[in-house]
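In what follows, a structure is listed as structure tokens, so that the remarks can point back to it.
The values are calculated or read from the model by the stated rules, or taken from the named source; none is laboratory data. Just so you know, these numbers come straight off a predicted model, no measurement behind them. Ideal geometry is used to build each Cβ from the backbone, glycine not excepted, and the neighbour counts take in all protein chains shown.
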Amino acid sequence: MSQKSQSKITVFHCINVFGDGDALPAVASASGELNFIKLPCSSMVKDVFLMRAFEAGADAVVVLVCAEGACRYVEGNLRAKKRVAWIKALLDEIGMDGRRLALFNVAAGDARSAKRFIQEALSVAAALGPNPAAARSRSDVALV
Amino acid sequence: MKIESTGKLQRVLNSGGFAVTAECGPPRGADAEIVRKKGELLKGCVDAVNVTDNQTAIVRMSSIAACAHLVTMGIEPVMQMVTRDRNRIALQSDIMGAYSLGITNILCLSGDHQTFGSQPDALNVFDIDSMNLVRTVQTMREQGQDMSGFELKGAPRMFIGAAANPFADPFEYRVMRLAKKIDAGADFIQTQCVYNLARFKAWMKMAQDEGLTEKVHILAGVTPMKSVGMAKYMATRVAGMDVPEGLIKRMEGVAKPKVAEEGIKICLETIAALREIQGVHGIHLMAIEWEDVVERIVSEAGLLPRP
Amino acid sequence: MIVGEQKPISEIKQIIAPYQKVLILGCGTCVKTCFAGGEDEVAVLASALRLVCKTEGKRIEIEEQTVERQCEDEFIQESAQAVSRNQAILSLACGAGVQAMARRFTTAPVLPGVNTTFMGVLEKPGLFTEECSGCGDCKLAVFGGICPFTRCAKKLLNGPCGGSQNGHCEVSSDIDCAWHLIIERLKALGQMDNLRVYLPPKNWAASLSSGPRKLIREDHML
Ligand code: SF4
């Protein structure tokens, strides 16, 4: 297996944190392959989207939501937080490690914090190794 | 109370005496000797001995069998029967079987929920409730019929007891429930352990105001506390138990080797206070796994010799 | 509604282990409302199973479908084609739905993916509570609309046991004592006299005790 391949991170974020014109992609770091998915509100990050991100090969998934109390739709970010917790438990249950998924509160436009959180996810992904489901298919393990 | 005497407990109560009953928990095993040993400790110092029915939902020798062992020793048992484990078919059959073995007193209970016992995975039955069981035994005795209306060949003539817990909630309803048990056919009542005398008195007063103390014999439950740990356990972990803070403090206040002694003292004081309360016709002494203290307590309470 | 809970993934994995092509079939009625087996749950479970199989190097093909109600033939039929394409059906319906599927598709293994737990209500978002046990002989009129057969852990019908304290059941402080609720409610209704009357043993003949029950409506039969 070719190690040292770049970690793949999928970042879901609310457009109220980073809108179209914002410099979010600029935080992309050399050490990772980042995939940004913007949502009108973080509450729209349905369970299945998070799962599909892992199916698509993400080593870690980050959900960036507005600061608590600052959601434009009042409780969207709180809903997102609960969902993330639920899916983290599911990931643990299926042996994928819930730490691969994380949610962070970010003030609107605060690219520095966002960068720090994404960096954090990258180091978690590095520590945990590649997504085990993706790793298998990449290295084309013989099917039993 | 109308029927002729079937046993000593009934005789004592109906003649206006102050009754004393104790408790014997059957072993977790088939050794009858354990029952006999406990019986030996209680013989002569009480009028009747309650035999628990898989108490706290822990599997033990059956109440009927343990009662039968006591009968052969000349000790009068009060067979406890819970509706948790048997449906109406088994309950009625066991009542008749028990009577045929010389068991003449029954205490009708719903029983502790199995969640706390040795088989939390068991299916509970609760086909009928304790109130229905009281009525069933009464119908057998008075009408000579089982629940289906069948005329029994030889009706069991049990002296019928029921439980009351003055310390459970909702408080106002507790007296109403007592009235209902009496209407259903209870001859005597054994209460939850009394530690909170004030609340017990309030309950007795309400019962008296409703004229209930005229209709039923109330035996107040007492349990000597052996240790501070036991006091705390009962205060916090046993459902429907009310142990006032002051009593625990009092137990904590004495030197360790004297704690059991203090527990006995509290018990004797409680008995003395209970005897002053109108309508209390006896005590039910539950010395859990401490049967050898019963004789001493009954004696020091001035309740010996038994009639 | 009927409330159910998805089985743990470990158990589902075991149940579907013999098959490589599995249809996960959701139900869009009760189990959807309690988040056990609607379209969304089908999607998440399918994804989780694919991930887990990939991780473990097992081959699996999962097809997803959700029908309106798995307890009615009319809706079940919509799944016929998908059923024929797969080796087994993992049904996320209640136990009735699973059996209705099994009755319809006699040669396809129909496996349960949900533990059907109770008949209840959505008390508030995210909280479902058991309220009815379908005993066939409703006595709610006497008890102020609160069912002691279902909500009292001892099915008591003549008042609370000695373990009721501060409104909690002796079984757990997380459970309301049904009898406490009944008394509060009857007090508010001015119907406490209901509780003075001795209630004879319940007739369980109308319940499951007598075997599975049937409802026959001649007027709707052809
Ligand atoms: S505490 Fe209340 S709900 Fe629980 S078993 Fe007793 S009466 Fe029933």
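Annotations
- Looking only at region A:77-106, residues that are of a type in the set (Gly, Ala, Ser) and over 17 Å from the mean Cα position of the chain (by Cα) come to 1 in all.
- Residue selected from region C:140-155 under the condition near the ligand (Cβ under 10 Å from one of its atoms) and surrounded by fewer than 23 Cβ atoms within 10 Å (Cβ to Cβ), by the criterion nearest to the other protein chains (Cβ to nearest Cβ): C:Ala153
- Selection count, region A:37-73, where residues are part of a loop (DSSP other than H, G, I, E, B) and surrounded by fewer than 21 Cβ atoms within 10 Å (Cβ to Cβ): 11
- Of the criteria (1) at pLDDT 95 or above; (2) surrounded by fewer than 19 Cβ atoms within 10 Å (Cβ to Cβ); (3) closer than 24 Å to B:Gly16 by Cβ, which one B:Pro307 fails: (1)
- Tally, over region B:152-205, of residues that are away from chain C (no Cβ under 14 Å), farther than 21 Å from B:Glu269 by Cα and over 17 Å from the mean Cα position of the chain (by Cα): 6
- Evaluation of C:Met119 against (1) outside any strand (DSSP E or B); (2) surrounded by fewer than 18 Cβ atoms within 10 Å (Cβ to Cβ); (3) aliphatic (A, V, I, L, M) (one fails), failing number: (1)
- Residue-level check: of (1) farther than 24 Å from C:Pro200 by Cα; (2) touching a residue at least 60 places away in the same chain (Cβ under 8 Å); (3) within 14 Å of another protein chain (Cβ to nearest Cβ), B:Val78 misses just (3).
- Any hit, region C:160-176, residues being within 15 Å of the ligand (Cβ to nearest atom), within 21 Å of B:Asp112 (Cα to Cα), more than 24 Å from the chain's Cα centre (by Cα) and of a type in the set (A, V, I, L, M, F, W, C): yes
- Test result for C:Arg85, out of contact with any Pro (no Cβ under 9 Å at 6 or more places or on another chain), of a type outside the set (Ser, Thr, Tyr) and within 14 Å of chain A (Cβ to nearest Cβ): no
- In region B:98-124, the residues that are over 29 Å from B:Gln10 (Cβ atoms) and either out of contact with any Pro (no Cβ under 7 Å at 6 or more places or on another chain) or more than 14 Å from the ligand (Cβ to nearest atom) (or both): B:His113, B:Thr115, B:Phe116, B:Gly117, B:Ser118, B:Gln119, B:Pro120, B:Asp121, B:Ala122, B:Leu123, B:Asn124
- Residue-level analysis places C:Ile182 outside the set of residues that are within 25 Å of B:Cys193 (Cα to Cα), of a type in the set (Val, Ile, Thr) and within 14 Å of the ligand (Cβ to nearest atom).
- Tabulated pairs, region C:158-173, first aliphatic (A, V, I, L, M), second more than 8 Å from the ligand (Cβ to nearest atom), C-beta under 7 angstrom, 6+ apart or interchain: C:Val171/B:Thr115
- Hits in region B:112-136 (condition: farther than 23 Å from B:Gln92 by Cβ, more than 7 Å from chain C (Cβ to nearest Cβ) and hydroxyl-bearing (Ser, Thr, Tyr)): B:Ser118
- The condition (being hydrophobic (A, V, I, L, M, F, W, C), away from chain A (no Cβ under 14 Å), under 27 Å from C:Ser133 (Cα atoms) and surrounded by fewer than 22 Cβ atoms within 10 Å (Cβ to Cβ)) is satisfied by just one residue among C:Cys71, C:Cys27: C:Cys71.
- Matching residues in region B:40-63 - criterion: being in contact (Cβ under 8 Å) with a residue 60 or more places away in the chain, over 15 Å from B:Glu295 (Cβ atoms) and part of a helix (DSSP H, G or I): B:Thr56, B:Ala57
- A single entry from C:Leu195, C:Leu186 fulfils the requirement of being more than 9 Å from every other protein chain (Cβ to nearest Cβ) and either among the hydroxyl-bearing types (Ser, Thr, Tyr) or closer than 26 Å to B:Ala163 by Cβ (or both): C:Leu186.
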